[in-house]
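First up is the structure itself, then whatever we jot down about it.
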């Protein structure tokens with residue numbers, strides 16, 4: 001039997017107090033940025049913690065979905081620009097070049113390729129790298145007080161961690177240009193209705209709760225099927241050739257695990273037995 005949330009947290013990797021982690025329900029992890037006085041601006045320590053935790057999440061069969069959120073009144077203000085300025089004045093390595101080499105992108109999220117669903121619960125302001133991370137999430141639940149902006153051009157830098165092609169693919173060239181070239185602030189309703197990168201807008205106090213409910217709906221489904229489907233979505237975004245994406249998805253490790261695993265048998269058996277609720281098992285490691 002799988003360990004429940006109450007006991008599972010003991011196996012979580014050690015991390016600093018710049019992030020918080022908890023397990024609200026079976027198979028669900030919540031990772032919260034925890035620098036509220038600095039609007040959760042990203043630091044090297046926070047980025048290291050996030051990488052360690054999400055790498056572990058990706059490999060842990062019991063965990064099927066993760067929610068990303070922030071403590072306090074902001075989701076994430078992006079990079080810590082004051083610290084960045086100090087490093088620039090001291091003649092240290094170019095920050096943009098250093099960030100561009102990060103395999104998983106800003107916050108170890110903006111370019112992360114995972115087969116498991118990532119849900120953003122945007123509790124407040126998201127700026128720069130905060131938006132970069134959000135655009136690489138699969139589902140976005142936003143507080144009605146949340147705002148989004150890509151102000152990099154106002155600071156002489158570039159949003160170079162994946163948001164430009166992702167925002168263009170979601171909103172179209174002209175709307176993406178509106179956020180990227182003007183650097184203007186967009187409220188949650190407009191991000192939902194006009195730009196299309198927010199799935200739902202809810203009262204502030206309901207953002208994380210709603211994300212947990214959506215994650216719980218995901219975990220009612222076969223984890224093999226969910227992860228195989230997520231992988232197919234990733235491949236669809238990576239290839240302009242639809243047939244190539246279809247073929248690669250069919251030969252992916254997730255697809256092979258799905259058809260050889262126990263959950264496909266259980267799902268079909270449950271449907272045949274008066275459509276009973278399936279009893280899903282943790283998928284085997286890839």
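The values are calculated or read from the model by the stated rules, or taken from the named source; none is laboratory data. All of these numbers come straight from a predicted model, not from anything done at the bench. Methodologically, a virtual Cβ is constructed for each residue, glycine included, from the backbone with ideal geometry; neighbour enumeration extends over all protein chains shown.
Count of region 244-262 residues, restricted to those that are surrounded by 13 or more Cβ atoms within 10 Å (Cβ to Cβ), over 25 Å from the mean Cα position of the chain (by Cα) and within 24 Å of residue 63 (Cα to Cα), is 2.
Across region 207-243, the number of residues qualifying as under 22 Å from residue 26 (Cα atoms), free of Cβ contacts under 8 Å to residues at least 60 places away in the same chain and surrounded by fewer than 20 Cβ atoms within 10 Å (Cβ to Cβ) comes to 7. Hey, does region 129-136 have a residue that's farther than 26 Å from residue 26 by Cβ, at pLDDT below 95 and assigned to a helix (DSSP H, G or I)? For region 129-136, residues farther than 26 Å from residue 26 by Cβ, at pLDDT below 95 and assigned to a helix (DSSP H, G or I): absent. State whether one or more residues within region 189-199 are touching a residue at least 24 places away in the same chain (Cβ under 8 Å), in the same structural domain as residue 77 (by TED's automatic domain parsing) and farther than 27 Å from residue 234 by Cβ. Checked region 189-199: at least one residue is touching a residue at least 24 places away in the same chain (Cβ under 8 Å), in the same structural domain as residue 77 (by TED's automatic domain parsing) and farther than 27 Å from residue 234 by Cβ. Taking the criterion of being out of contact with any strand residue (DSSP E or B) (no Cβ under 9 Å at 6 or more places or on another chain) and surrounded by 14 or more Cβ atoms within 10 Å (Cβ to Cβ), would at least one residue in region 141-150 satisfy it? Among the residues of region 141-150, not one is out of contact with any strand residue (DSSP E or B) (no Cβ under 9 Å at 6 or more places or on another chain) and surrounded by 14 or more Cβ atoms within 10 Å (Cβ to Cβ), which makes the answer no.
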